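The values are calculated or read from the model by the stated rules, or taken from the named source; none is laboratory data. These figures come from a predicted structure and were not determined experimentally. Methodologically, a virtual Cβ is constructed for each residue, glycine included, from the backbone with ideal geometry; neighbour enumeration extends over all protein chains shown. For the accessible areas, the whole protein counts, side chains as well, though only heavy atoms, and no ligand, DNA or RNA atoms are used. Shrake-Rupley method; radii C 1.70, N 1.55, O 1.52, S 1.80 Å.
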Amino acid sequence: MTQTALAETGPETPNVAAHARAWLDANLPGTLREDRLQDRAPTVPELCEWEAKLHRAGLVGATWPERYGGGGRSLRDHLDISREIGRTPMPESVNSIGKELAGPIIMAVGTDAQKDAYLPAILEMRDIWCQGFSEPNAGSDLAGLRTRAVQTSEGWVINGQKIWTSGASKSSRCLLLCRTGSVEDRHRGLVLFAVKTDTPGVDIREIRSIDGARHFCEVFFNNVVVPEADLLGSPDEGWAAATRVLSIERATNRMHRAWRFENQLRHLVRACAADPATRRLVETDYRRQIAAVSVDIDLLKGHVETLVGSLIDGNEIGPRGSLPKLFWSEAHQNFAALALEIVSQFPVTMSDDLKAVKQRMEDIYLKARAETIYAGTTEIQLGIIAKRILRLNRGA
Ligand SMILES: Cc1cc2nc3c(=O)[nH]c(=O)nc-3n(C[C@H](O)[C@H](O)[C@H](O)COP(=O)(O)OP(=O)(O)OC[C@H]3O[C@@H](n4cnc5c(N)ncnc54)[C@H](O)[C@@H]3O)c2cc1C
């Protein structure tokens, strides 16, 4: 559970970024590089092994208390590490819900026993978490959820259905939001659990998505008995905890995004410019659009850095989490469309470098379709910004 590579650097030191960069340069395996042609996707055990190694090197859980396997470092250090992670073409975490959503919530509302039990297991990749919030009739309107939790002498008995639960079939724990009262109670009486996904009565069914992956799931709960020890916070704290999860998800989750986005743009430009058959695409035909994407990336970096500065000053994220979420998802989707247009013009016979960039950009395009939907749709972000930041009244 100890973190070694950064151990000799004190809290908040400029060396953190240099350590992270050197470690990543030396350790990122070629088989995990998204900028190389791969004949198969990495398996979940391979990704878990890599992420556990990242943790041992001190590059994951930097801000978590050392007692739970974290680095006990500042948010500024976390940003520095995130920049370096984003600069590499490594795959996204298979446990970002555990590390970036469940972990912070457990730290905020969990008991000491829950923190000891759940937190180190997340960083060490012994537990992968999924997020069971959305339901067939409760997505944007989360307060309309119907999954019921009833307290009995044996524990809480849960019945209902979740949908779009990313990674549920690979996860061992679910951050599950249920209600104790009736649907009319809306956000009152919502309750959050850490449910073991192998509990009898949990039925997980995979859904195939547009990119061919089976990452999404529907999860059914049929008389699932959850012990009192797996209730997170008090029964009335569910809505406050859920909105906190969502504001983290929109604002600071995957803080490396802007830098990963830049890595993708650079990969596209570098590969095209290096090949006489495609050079004109980036040097003349699409030059202006590429410059515009580059400006978007710099603006996005500014959003993230401003938000981190504000958090360091002790401010809550609140509705301002909607700004980077809206900006990133829209800008990245525009980039994905441009990248697809460019790689669609590659010659039929091409080098492995061009094949690699084509494969990556096509995958980015398909995944980007969902970016303006998950963690709250574009329309919902615009509504939050209008109402809660600009304080605009609804028109007559
Ligand atoms: C890739 C992906 C991963 C996901 N992962 C998870 C996960 O792990 N766990 C989880 O719980 N959920 C997950 N979701 C679900 C996601 O949170 C919901 O899809 C999202 O909140 C939208 O809800 P919905 O699909 O029910 O659409 P709806 O809420 O039905 O919205 C349909 C349309 O109506 C618009 N709309 C709705 N309400 C308003 C309003 N008030 N004002 C203006 N327009 C409105 C929306 O913008 C949208 O265009 C994921 C979704 C995707 C795409």
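Is it the case that segment 141-152 has a residue that's among the polar types (S, T, N, Q), within 16 Å of the ligand (Cβ to nearest atom) and open to solvent by 30 Å² or more (accessible area, probe 1.4 Å)? Show your work before the answer.
To start, the set of residues in segment 141-152 that are among the polar types (S, T, N, Q) comprises 147, 151-152.
If we keep only those that are within 16 Å of the ligand (Cβ to nearest atom) too, we end up with 147.
So of that shortlist, the ones also open to solvent by 30 Å² or more (accessible area, probe 1.4 Å) come out as none.
Scanning segment 141-152 turns up no residue that is among the polar types (S, T, N, Q), within 16 Å of the ligand (Cβ to nearest atom) and open to solvent by 30 Å² or more (accessible area, probe 1.4 Å).
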Seminar exercise, completed: Every listed condition ((1) open to solvent by 40 Å² or more (accessible area, probe 1.4 Å); (2) more than 18 Å from Ala336 (Cβ to Cβ); (3) in contact (Cβ under 8 Å) with a residue 40 or more places away in the chain) holds for Arg287 save (3)
Problem set entry | Residue, modelled with the highest pLDDT, within segment 221-247, restricted to residues that are within 14 Å of the ligand (Cβ to nearest atom) and of a type outside the set (Gly, Ala, Ser) | Phe221
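Inside segment 20-37, can you point out the residues that are in a loop (DSSP other than H, G, I, E, B) and open to solvent by 50 Å² or more (accessible area, probe 1.4 Å)?
Taking segment 20-37 as the starting set, the residues that turn out to be in a loop (DSSP other than H, G, I, E, B) are 28-29, 33-37.
Within segment 20-37, Arg33, Glu34, Arg36, Leu37 qualify.
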Problem set entry | Members of segment 265-284 found to be in contact (Cβ under 8 Å) with a residue 40 or more places away in the chain and not small (Gly, Ala, Ser), listed by number | Leu265, His267, Leu268, Cys272, Asp275, Thr278, Leu281, Val282
Exercise. Of these, Gly98, Gly72, which one is open to solvent by 10 Å² or more (accessible area, probe 1.4 Å) and touching a Phe, Trp or Tyr at 6+ places or on another chain (Cβ under 8 Å)?
Worked result: Gly72
Seminar exercise, completed: (1) open to solvent by less than 70 Å² (accessible area, probe 1.4 Å); (2) over 17 Å from Glu262 (Cβ atoms); (3) among the aliphatic types (A, V, I, L, M) all hold for Ala339 apart from (2)
Exercise. Quick check: anything in segment 274-281 in contact with a Leu (Cβ under 9 Å, 6 or more places away or on another chain) and closer than 30 Å to His187 by Cβ?
Worked result: no
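Arg320 - would you say it is in a helix (DSSP H, G or I) and either open to solvent by 50 Å² or more (accessible area, probe 1.4 Å) or farther than 29 Å from Arg388 by Cβ (or both)? So that I can check it myself, show each step before the final result.
Working: in a helix (DSSP H, G or I): yes; either open to solvent by 50 Å² or more (accessible area, probe 1.4 Å) or farther than 29 Å from Arg388 by Cβ (or both): yes.
Against the criterion (in a helix (DSSP H, G or I) and either open to solvent by 50 Å² or more (accessible area, probe 1.4 Å) or farther than 29 Å from Arg388 by Cβ (or both)), Arg320 qualifies.
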Exercise. Tell me, which strands (runs of 3 or more DSSP E) wholly within segment 125-197 include 1 or more residues that are within 30 Å of Gly70 (Cα to Cα)?
Worked result: 129-132, 173-179, 190-196
For this session: Scan segment 154-171 residue by residue and report those that are within 16 Å of the ligand (Cβ to nearest atom), β-branched (Val, Ile, Thr) and over 11 Å from Ile204 (Cβ atoms).
Result: Ile158, Ile163
